[in-house]
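This report concerns only the one structure given below.
Rule-based calculations on the coordinates, nothing more; no lab input. Since the model is a prediction, treat every value here as computed from it, not as a measurement. Because the Cβ atoms are built from the backbone with ideal geometry, glycine has one as well, and the counts that use them run over all protein chains shown.
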Amino acid sequence: MAKEKIKIKYSDIEREIVENDEIIFDVIDARTQEQIVKQIDSEYELCYSFNQAKRKKNLRRLKLYNNQMREDDAVGDPLIFTVFNTVHASLYDDRLMSVWEGRGGKGDDDVEDNLNAVSLFDYDVMQKAELDYYWNWDAEFFGRGLLLNMEFDRSDGIMCPTPEVIDASTFIRDPRAVAVNGIGRKNKGAMRFGGWEVGATYYELKGLKGYFNINALNKNKETPNDLLDELRDAHKEAQGLEIFSQKEESLGKRQNYEFRLLNWFTTIKGEKYLITLGNNRSIVVRILKLDYNGKWPLHDRALYPMAANWDGVSIPDLTEDKQRGKAKLLNIAMESATAEVTPTYLFDQTRIKNKNDLNLRINKFIAVDGRVDNAIMPVQKSTAHQYASLIMEVLDVSAQRATAATELRQGIQSSKERTLGEQELAAAGGDTRFSMSAKIYGWSERAFWLQWYVLYKKHFKDGIDEKVVRIQGALAPIWRELTRENIISTVDPDVRIESKIISEAKRERMKQSFNAYLGIALQDPEANRRFLQKEGARINGMTKEQINLAWPKTVDELQAEDENQLLNTKKLPPISVTDDHLIHIDIHSKANQNAWSLAHTQAHKKLMLIKRDRPDLFPPKTGLEVKSGAEVPAPALA
C-alpha cells in the first residue's frame, strides 16, 4: 500500500518510489541529504582532479579528427580520420551476434529458442546498431566506451530495455578503477564511484519517474567545472562554430532552460546507488537503489586494453604525433613549392633602369644596356628537404603498422609492388589482429546481453505482460506472443557471443570438411543418414525451422519428446518393441538425468540387445509393451 504523505519542511526531501507500478512516497531527512551531498562532493573532487588532464587531451584531439579552425592558407593531414575510420568500419561491419544456451533448467530448449528470437527482435527495437556505432567510436577514440543499461520501457509495441551510450569524455571515475565492474570473477579493480553530467529542462524532468525537488533547481551555467559545456565547446571550436553556452542564461527556468545535473554512481552503507544532484552538486533530485547482482549497470568497451589500466591505448594515442608531423612537413613542402612558382629575383640596376619593367606582362619588351645574359637571376634559397616525402611515408606506414589499417584495408592499391601471396598474407595478418579486437568487444557484448536478460527478469511481469515478437519463418513472417514463462527459465541461461566474420569463416571451413566426409560416411549402411543430412543442412546455414520442414520429425521423435516430459516428472512411460530405440535413446539424452530417465534408457538398450540375438521375437507392430527395466518374457517354444 502507498505510504501516507508526511508533512515535512522543505529542507527534507520527499521522493516518489515506484513499486509494483504503484507510486508511493518516501522521506529523506535533511541530515541524510547533507551526508549524501558531502560524500559525493568529496568523491567528485577526487575524480575531477584525477581525470582532468586526460579529458583535456581528448578534447584537444577532437580538433585533429575534424579541424575546421586551421588557417585558410594551411592544410591538414587526415591521418587520424583515415586510420580511425578504417578500424571503425572493419569492427562495426563485423556484427557480434548473441546465441543463448540453457544451463539445464526446465524447458530450456524452448526458452533458448524464444530468447534468441526476442534478442534478435529487440536488436532493432533498441536501435542496437546505432548504439554500437557510437559505443565503438568512443572505445576507439577515447580508449574506453561506456553504455548504460538499466531502464526498461513498458510501452505498447516496445516492452524492452532502453540502453544509452554515455559520452566517455564527460565521464569521470574512481582513480583506482581498472574497469567499471572490475576484471574476472572477483571483480578486481572495480569502480567505487564515478559519474557524468547531463542536461535537462524542467518539463523533461517532470515527465520522468523518480525525480523530486525539481522546483528548487536554479540556473547555474556559470560554474567553472562544467563537463558537458566543455565537450560541446570543444566540438564547436573544432568545427569553427560560435560558442553559445553562456547565451542560454536568457531562457526562463520554466521555459526551455537546460539545467545541469550530475549522475553519480556510489556506494552508501554497502549498497550501490545512482544519485542525481543539481544546483552545482548541492541538492539531491533523484535516488535509485541498484540491484543488478552486485554490479553497476554500466558496460565498458575497450579497443586495446592494458592490464590494470582503465584507459588502455586508443587510436589517437598511436596516430596523433604522426599526423602533426605529417601536417608540419606537408605545409613546409607547400611553402617551398609556392616559392618555386613565384620566386624572388636579383637584377642589375645599372643595366635595367626602370623597376616597373620587372612587372609581369605578356609580350613585354625590356631595354637592357649591354648584353642580356646575367641581367637578372633568381635568388638561391633552400627548398624542402629531399627526405621530407620519405619521412611522411615512414610516419604513414608506422600508423598503419600500429593499427593494422593497411592501404589495402583502406581500399587503396598498395604503393609498392607486391605479389598476390604477399598481399594475402598481409590481409590474413590484419584479419587476425581485427579478430582479436572483435573478441575483446565480445566481453562487453556478453555483459550487455546478460544485463538485458536481468532487466527482463526484473520488469517483465508474470500474468500481466506479453510481448509480441516477429520471427522470419521459412515460408512467411510469424508473430509469436510470449509471456514471462516463455523467456525466463528456472536456471539463468548463458549467452555466447559470435563474431559474424569469424563465425562465417568457421562455418565455411566446417562445410568443406563435412561435405568431403559426408560422401564417405553415407557409404556405410549402418550410418545414421537422417542425422548426417540434418547436420549438413545446419552447417550449410539452414535454420532449425527450415530443417524441420525439410525433415519432419518422425513418430518416434515426437513420442520420445512426450516421454521426456514424463521422465522429468519421475514417471516411467511404456516401451514398445516396435520403437526405434536409437532415436529414443538420442531424444532421452535431453531429459533430466535422474533414476527414471537412466532406467528408461537402459531398457531401450536391453531391447536392442535382445532384438539382435532373437529377431524372431520382434514381429513388426505387435503392440507388445513392457515397462522400463522389466524383463521381456520369452514366448513358449513348440
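For the reader, a short list of remarks on this structure follows.
- Peptides ranked, highest mean first, by Cβ atoms within 10 Å: ranges 574-585, 252-263: 574-585, 252-263
- Where labels lie 7 Å past Cα in the beta-carbon direction, separation of GLU45 and VAL75 in nm: 5.2
- Using the average count of surrounding beta-carbon atoms within 10 Å as a protection proxy, the listed peptides 542-550, 346-354, 191-199 rank, highest first, as 191-199, 542-550, 346-354.
- Ordering ASN149, THR86, ASN114 by Cα displacement along the dipole of the range 33-168 toward the positive end leaves THR86 in first place; charges were set at the Cβ atoms of Lys, Arg (+1) and Asp, Glu (-1).
- Report note on the peptides 270-282, 440-452: ranked by the mean count of other C-beta atoms within 10 Å, highest first, their order is 440-452, 270-282.
- A simple charge model with +1 on the Cβ of Lys and Arg, -1 on the Cβ of Asp and Glu and nothing else charged puts the dipole of the range 456-589 at about 660 debye relative to its Cα centre.
- Size of charge dipole - the range 555-626 - debye, nearest 20, with Cβ of Lys, Arg +1 and Asp, Glu -1, no other charges: 320
- Extreme residue, positive dipole direction of the range 555-626, given options TRP596, PRO574, GLN559 (C-beta unit charges): TRP596
- Across the cross-link table entries LYS63/LYS188; LYS457/LYS506; LYS295/LYS458, which are compared at the Cα atoms, the separations over 24 Å belong to LYS63/LYS188; LYS457/LYS506.
- FRET efficiency, 1/(1 + (r/R0)^6) with R0 30 Å, evaluated for ARG433 and ASN540 via beta carbons: 0.50
- In a fully extended conformation the segment linking VAL368 and ASN594 would gain 69.8 nm over its present Cα-Cα distance, using 0.36 nm per residue.
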